[in-house]
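Chemist: Below is the structure I would like to discuss, written out as C-alpha cells.
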Amino acid sequence: MVEGTTHTDADPRWLQDFAERTKRYWTDDRLAALIGQRRPAILPSEAPLLLRCLGLLHRDGSMPPDRVRKYRQINHMVALLQPTLRELMARADTVRLLDAACGRSYLSTLVAWMFKHRYQYPAEILGVDFSSDLVGVSADRAARIGLADVFKTFVSPLHTLDVYGLENDLRDAGLASGAFSVACM
C-alpha cells in the first residue's frame, strides 16, 4: 500500500471528492501562508493525489505542519532541475532519466508527474535501488497516481549496475524503448 493512502483511496468517487476538498481547502490565504513569495512547481490544488500519495496531504486536503518542509524541499528540487529538463527536451524526442539509489522515489515521482502533466512531453524515468521493498513502494505509488507509463522501477545493487549495459536489459524486459541520457538524479 502506498504511504499516505488507504484502500478507500482507490474509489474513483473518493478521488474526485478528495480533489474537490483539496481545492476548497487551499484558499488564497492558506496558499499564501504556505508558499509566501515562492513559486512552487506543484501546488496542492493542482496535484492532490500526487501529494497525498507522497504523504504530504491529509484526507481533508490539508497539509500537516510537519510536512510543509518536505513540500518546499521537493518543489525546490524540481525548480533546480527544470533548466536541465528543458535542455533534455530540446535534445530528445523522449527524455530518459535514471534515478540511481532512488529509495522512495519522491523526486522521480515528481519529475514523472511534471513530464506527464505539466510539460506533456514523452519521458521514461527509471528508478533503480537495491531494496526490493522500496522499489515496490515506488512502483505501487506510480501505478496508483497514473504514472506507471512514465516511471518504472528496477531492483539492482548499484555497485554491480552497468548503466550503459542496462539499456539493453531494460529494452529486453520492456522497461525502456531507447537510449537513456545518463542523467542520474
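Chemist: Restricting segment 1-13 to residues that are part of a helix (DSSP H, G or I) and within 21 Å of the chain's Cα centre (by Cα), which is modelled with the lowest pLDDT?
Modeler: The selected residue is His7.
Chemist: Identify the single condition in (1) farther than 22 Å from Val111 by Cβ; (2) surrounded by 16 or more Cβ atoms within 10 Å (Cβ to Cβ) that Ile42 does not satisfy, given that it satisfies every other one.
Modeler: (1)
Chemist: Which of the residues belonging to segment 114-140 are surrounded by 15 or more Cβ atoms within 10 Å (Cβ to Cβ), hydrophobic (A, V, I, L, M, F, W, C), free of Cβ contacts under 8 Å to residues at least 60 places away in the same chain and farther than 17 Å from Leu81 by Cα?
Modeler: The answer is Val128, Leu134, Val135, Ala139.
Chemist: OK, next. Considering only segment 31-131, give the helices (runs of 4 or more DSSP H) lying wholly within it that have at least 2 residues that are more than 12 Å from the chain's Cα centre (by Cα) and either of a type in the set (Lys, Arg) or closer than 26 Å to Asp11 by Cβ (or both).
Modeler: Correct list: 65-91.
The values are calculated or read from the model by the stated rules, or taken from the named source; none is laboratory data. These figures come from a predicted structure and were not determined experimentally. Using ideal geometry, Cβ is built from the backbone for each residue, glycine included, and neighbour counts are taken over all protein chains shown.
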